[in-house]
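Here is the structure we will look at.
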Amino acid sequence: MTRLRGAVIGLWSVAVAAGTGCAPTAMGPMVMRMGPGRPDQNVLQMGMRSGPRLSAPVVGSQPSLPAGDRFRGDESSFSTQQWGMAFDAALTIPLSERLHLHTGMQGEMFLPVPLPAYGLYAGASYYLGSEQWGLAPAVSVRGASDFGLINSRGGPGSIFGTEASCALTMQPEKNVSLGLVPFVSWHAVVAGGRTEQALYYGGVVAARVSWGGLNDLEVSGGFGRAKVGKGLSWNVPIMGARGGR
């Protein structure tokens, strides 16, 4: 009986999550190349990163919504209606010492299963500099959606866009990398039966520590600004942590 009760509670929780999930988070910067990297080894990273739900001001401006579900802009930068934390899995594939490809996928954090918004991104970076100092400009594209789920937080909505970033990095020690990564991205946001243009830009400070050349811990934090349509804009706190191998 106890097992049956646990199974019923678990299924009910999943059903609630599926019915009240999250619109996709626009993580940024999508590509953060912290130093020259390893020219002979793929690197897989997994963790969580935050960003805005770009569909929030579109669906959150409807007067029929309850007050708690409306878009509040800078009054509530951490509101889960307009800001989210997403699971992030990223793979870096070196094509040469300087040119690397980057691919990744995201899933929204909810109870804490990634439901129901998912996304994919891909890009490339090129490293200019030495082992100690360098620049790593990068470009990437992204698509993410909650597949029209009616009760998603900040949605329903879908985003499709591109981003440019450039990491200024330094390696004060062999296994330590520090970086400043400004970025700017443009998205098409499909939400509420409308398609709007979105501009999202900002920057993060990031650090990566390696052990034995195989295990990486990367943390990042900063601020961004999102602007959707005409005049709808708000500040976006950015934070993230990933482990790599």
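If you take every residue apart from residue 102 with its C-beta less than 13 Å away from the C-beta of residue 102, what net charge results, scoring Lys and Arg +1 and Asp and Glu -1?
Details: positive: 33, 142, 242; negative: 88, 163.
Local net charge: +1.
With a 10 Å Cβ neighbour count serving as the proxy for reagent exposure, in which order, fewest first, do 22, 166 appear? The partial results should precede the final answer.
Working: 22 26, 166 20.
Ascending Cβ contact count within 10 Å gives the list 166, 22.
Determine the sum of side-chain charges near residue 219: Lys and Arg each +1, Asp and Glu each -1, restricted to other residues whose C-beta is under 11 angstrom from that of residue 219.
Working: positive: 49, 208, 242; negative: 216, 218.
Once positives and negatives cancel, what remains is +1.
Dividing the convex hull volume of the alpha carbon atoms of segment 166-245 by its residue count, what do you get in Å³ per residue?
On the way: hull volume 8.2 nm³, N = 80.
Here the figure is 103 Å³ per residue.
The numbers here are math on the coordinates, done by the rules we state, and not lab data. Everything numeric in this text was worked out from a predicted model, so none of it was measured. Neighbour counts run over all protein chains shown; Cβ positions are idealised from the backbone, glycine included.
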